Amino acid sequence: MNVSKIVVFRTGDEEYGMPIEHVISIEKLEDINVIPNMPYYMKGVVKVRGELIPVLDTYQIFYNQDITVDHDVKLIVIQSDEALVALIVKEAKEIIDIQESQLKKLTVGVFQATKYFPAVASLEKRLILIIDPNLLLSSLEKFEIVKEEIMSHQ
C-alpha cells in the first residue's frame, strides 16, 4: 500500500493538500515586491534564499477574493516542473500521511474546470482536496508571462 505525505493548508474554509515532494519550504509572509501589470492572482515577488519567487494568491485562484492578511497567513514555496512559486495560504497546518485507500478520484463534471484537484483525501472527519502543482500552474491564465517577467528580473 502506498503512503504519501502531504502538507495541509487552509484557504477560505477548505483544507488543501500539496504532495510534500513539491514543497520546498513554508515561510512567513514578509514584504512582497509588487510588479505592475501582472495577472490578478499574482501579488508580486519575494526573495527566498537569494531567488526571486512569484507570489500567487490562492484566494484569488480558488475564490476570486482577496486574502485578509493576519499572523496565520503563510507562504508555501513549491516547485513544479515549470517553476518555483510561493502560494499565499491562510495557514499551513500540518504534514500528514495519506494512504492510497483514502484517496478518492474526483470524477464530478464540475471539476473539469479545476483539473488541478485530481483527488480528495477522505479522512475520518475531514476532506482534503489534493492539488497537482503542475496542473495548477499550467491552468493559470497568462502564467507564461509571469515566468518570463520573473526571469527578466533575475
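None of the figures in this text is laboratory data; all of them are computed from the coordinates on show. Remember, predicted model here, so these are calculated numbers, not experimental data. Reconstructed Cβ throughout: ideal geometry from the backbone, glycine too, with neighbour counts over all protein chains shown.
With axes computed from alpha carbons, what is the tilt in degrees of helix 143-152 against the longest principal axis of the chain, rounded to the nearest 10 within 0 to 90? It is inclined by approximately 40 degrees. Between the amide H of LYS5 and those of ILE20, ILE98, distances stay under 5 Å, these residues lying 5 or more places away or on another chain, with hydrogens modeled in the peptide plane.
3J(HN,Hα) along the range 34-40: 7, 10, x, 6, 8, x, 3 Hz, from the Karplus curve 6.51 cos²θ - 1.76 cosθ + 1.60 with θ = phi - 60°, whole Hz, x for Gly and Pro.
If R0 is taken as 25 Å, the Cβ-Cβ distance between ASP13 and GLU82 corresponds to a FRET efficiency of 0.30. Below 12 angstrom from the Cβ of LYS115, what's the summed charge of the other residues (Lys, Arg +1; Asp, Glu -1)? Net local charge, LYS115 excluded: 0. Dividing the Cα radius of gyration of the range 3-152 by its Kirkwood radius returns 0.95 for Rg/Rh. The alpha-carbon of LYS43 sits under 29 angstrom from the alpha-carbons of these lysines, leaving out residues fewer than 8 places away in its chain: LYS5, LYS28, LYS74, LYS90, LYS93, LYS115, LYS142, LYS147.
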